Amino acid sequence: MSSIKVTPDIDADRWTDLASTALGDIDRVGLQRDPEDGRVYLMAAIRIQDAGRRARAQVVLTEIPWTLAARVARLLAEVEPTVGTGSDDSDDQEAEPVVTDNGDGALRITGAASPADALAAAAAATAPADDQGSDR
Amino acid sequence: MIPLSVTPDMDRAPWDDLDPLGTGVLHGTITRVGLLRNGTVRGRATVAVAIRLDDGRHVIAETTFALARTAAQALAASPVAAEEVLDP
């Protein structure tokens with residue numbers, strides 16, 4: 001049985017117990033039916049951070065049952081009203097993600113926040129207080 | 001920009017381009033999902049996912065909350081998702 005721990009506020013409950021941690025970007029997600037068990041799975045491809053060499057970044061593939069993923073999404077949605085709304089800069093396109101259909105079976109969603117922003121925040125939140133900035 | 005691609009039906013659009021250099025794709029298991037309420041410099045929330053690789057290492061991957069929410073909505077609306085019975 002699959003299980004996932006959901007942390008509504010990582011700043012308050014940091015993942016400091018995770019050893020040997022690398023950082024990455026969620027590159028793509030998709031749905032696939034497993035022909036063996038007949039269940040639908042949420043697939044996700046992660047690109048491990050490799051500064052300046054995105055095309056050569058190591059890829060990690062992972063999956064969870066869609067039923068579990070949908071429940072996690074609902075839990076996170078319940079937290080939504082309390083999460084940060086950020087600045088209201090007129091050039092902040094992240095407020096309205098853009099979905100593009102290239103006709104190849106995949107949709108592409110884009111926002112304005114940079115990966116560096118997100119990864120820097122993740123590093124600060126996940127590294128022990130006396131270990132920030134060192135290798136993880 | 002952070003792009004996030006969504007494939008509503010991977011049987012129709014398989015990810016054949018994941019490993020163009022042939023270096024191999026690692027496999028991992030999602031163990032945690034969480035929110036960083038002010039994950040970006042602009043103060044927007046991000047979703048973080050902890051993945052335990054088969055060799056024991058961990059990877060923490062992120063995307064913004066807004067992108068994750070939009071992706072979840074797109075997937076939930078797909079015919080493949082509609083075939084799965086969700087718990088109430």
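A few remarks follow.
- Exactly one residue out of B:Ala76, B:Ala68, B:Ala82, B:Ala72 is surrounded by fewer than 20 Cβ atoms within 10 Å (Cβ to Cβ), small (Gly, Ala, Ser) and under 14 Å from the mean Cα position of the chain (by Cα): that is B:Ala76.
- Among the residues making up segment B:35-59, those that are of a type in the set (Lys, Arg), within 7 Å of chain A (Cβ to nearest Cβ) and surrounded by fewer than 24 Cβ atoms within 10 Å (Cβ to Cβ) are B:Arg37, B:Arg42, B:Arg57.
- Test: residue in segment A:59-68 that is modelled with pLDDT under 90, surrounded by 13 or more Cβ atoms within 10 Å (Cβ to Cβ) and not β-branched (Val, Ile, Thr): no
The values are calculated or read from the model by the stated rules, or taken from the named source; none is laboratory data. In this text the structure is predicted, and so the values were computed from the model without any measurement. Because the Cβ atoms are built from the backbone with ideal geometry, glycine has one as well, and the counts that use them run over all protein chains shown.
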